[in-house]
1. Any idea how many residues of the stretch B:1-60 are assigned to a strand (DSSP E or B), over 14 Å from the mean Cα position of the chain (by Cα), farther than 30 Å from residue A:109 by Cα and not hydrophobic (A, V, I, L, M, F, W, C)?
2. Take the residues of the stretch A:79-90 that are of a type in the set (A, V, I, L, M) and touching a Leu at 6+ places or on another chain (Cβ under 9 Å): which is nearest to the other protein chains (Cβ to nearest Cβ)?
3. Out of the stretch A:6-20, which residues are over 19 Å from residue A:105 (Cβ atoms) and within 11 Å of chain B (Cβ to nearest Cβ)?
4. Do the conditions hold for residue A:57, that is, is it modelled with pLDDT of 95 or more, within 14 Å of chain B (Cβ to nearest Cβ) and farther than 30 Å from residue B:111 by Cα?
5. Identify the residue in the stretch A:79-115 that is of a type in the set (A, V, I, L, M) and in contact with a helix residue (DSSP H, G or I) (Cβ under 9 Å, 6 or more places away or on another chain) and, among all such residues, is surrounded by the most Cβ atoms within 10 Å (Cβ to Cβ).
6. Exactly one condition in (1) in a strand (DSSP E or B); (2) within 14 Å of another protein chain (Cβ to nearest Cβ) is not met by residue A:76; state its number.
7. From (1) away from chain B (no Cβ under 14 Å); (2) part of a strand (DSSP E or B), pick out the condition that doesn't hold for residue A:93.
8. If I filter the stretch B:48-55 for residues that are within 10 Å of chain A (Cβ to nearest Cβ) and within 18 Å of residue A:43 (Cβ to Cβ), do I get at least one hit?
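The values are calculated or read from the model by the stated rules, or taken from the named source; none is laboratory data. Worth saying up front: this structure is predicted, and the values here are computed from it rather than measured. Neighbour counts run over all protein chains shown; Cβ positions are idealised from the backbone, glycine included.
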Amino acid sequence: AQSVAQPEDQVNVAEGNPLTVKCTYSVSGNPYLFWYVQYPNRGLQFLLKYITGDNLVKGSYGFEAEFNKSQTSFHLKKPSALVSDSALYFCAVRDSNNAGNMLTFGGGTRLMVKP
Amino acid sequence: NAGVTQTPKFQVLKTGQSMTLQCAQDMNHEYMSWYRQDPGMGLRLIHYSVGAGITDQGEVPNGYNVSRSTTEDFPLRLLSAAPSQTSVYFCASSYSTAPSTDTQYFGPGTRLTVL
């Protein structure tokens with residue numbers, strides 16, 4: 001079975017400060033990991049994903065995520081937050097043993113960036 | 001490309017009514033899926049399809065039917081609506097299920113209320 005946890009319902013950060021949104025996962029095989037962002041009344045937008053290779057993955061809008069196999073984590077980071085980054089962020093995982101493309105999503109973390 | 005489109009955007013049903021949520025994509029994607037989004041629970045997979053004529057159940061399939069007669073369309077049918085089906089529904093598609101091309105792209109969503 002595959003599962004993912006986002007331990008924080010909300011993260012508050014001041015504009016210009018670095019931000020981190022946490023994600024941990026559990027899979028039986030190797031993980032394929034994703035981050036999506038959802039703006040109000042919109043669908044999910046793909047930010048970045050990890051399949052294999054370099055543990056630091058760079059994505060859209062200046063976001064990056066670090067894969068840590070020993071800690072089974074895939075935290076989303078950005079060096080300098082913008083007010084426009086305020087949104088709902090979802091981490092998702094797919095087990096490499098999963099023959100289909102079934103993603104399991106975390107519950108989401110609301111990021112609030114204050115001016 | 002229009003990407004993934006969904007209709008309607010909003011719908012109110014009475015308990016026991018049936019309806020079909022439409023989803024279409026113009027990217028020639030083989031994989032399509034339906035999720036529901038409920039507060040604090042992330043997105044949960046309802047049904048998915050790996051190609052025309054092939055469908056399978058996800059995590060929460062009860063009360064929903066799907067079919068995939070063409071590559072482009074993947075409608076979701078509510079057979080007899082219940083208040084527990086009040087949710088926001090998202091359709092998603094990806095080129096394939098291979099790790100290099102399995103990124104799912106989401107439609108804008110349908111907000112359904114069952115009274």
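1. Within the stretch B:1-60, residues that are assigned to a strand (DSSP E or B), over 14 Å from the mean Cα position of the chain (by Cα), farther than 30 Å from residue A:109 by Cα and not hydrophobic (A, V, I, L, M, F, W, C) number 1.
2. Here is the first cut: in the stretch A:79-90, the residues of a type in the set (A, V, I, L, M) are A:81-83, A:87-88.
When the remaining residues are screened for being touching a Leu at 6+ places or on another chain (Cβ under 9 Å), the result is A:81, A:87-88.
On the way: A:81: 23, A:87: 14, A:88: 10 Å.
Among them, the one singled out is A:88.
3. none
4. yes
5. From the stretch A:79-115, those of a type in the set (A, V, I, L, M) are A:81-83, A:87-88, A:92-93, A:99, A:102-103, A:111-113; that's our starting set.
In the following step, the residues that additionally are in contact with a helix residue (DSSP H, G or I) (Cβ under 9 Å, 6 or more places away or on another chain) were identified as A:82, A:111, A:113.
Working: A:82: 14, A:111: 22, A:113: 20.
Residue satisfying both the conditions and the ranking: A:111.
6. (2)
7. Of the numbered conditions (1) away from chain B (no Cβ under 14 Å); (2) part of a strand (DSSP E or B), the odd one out for residue A:93 is (1).
8. yes
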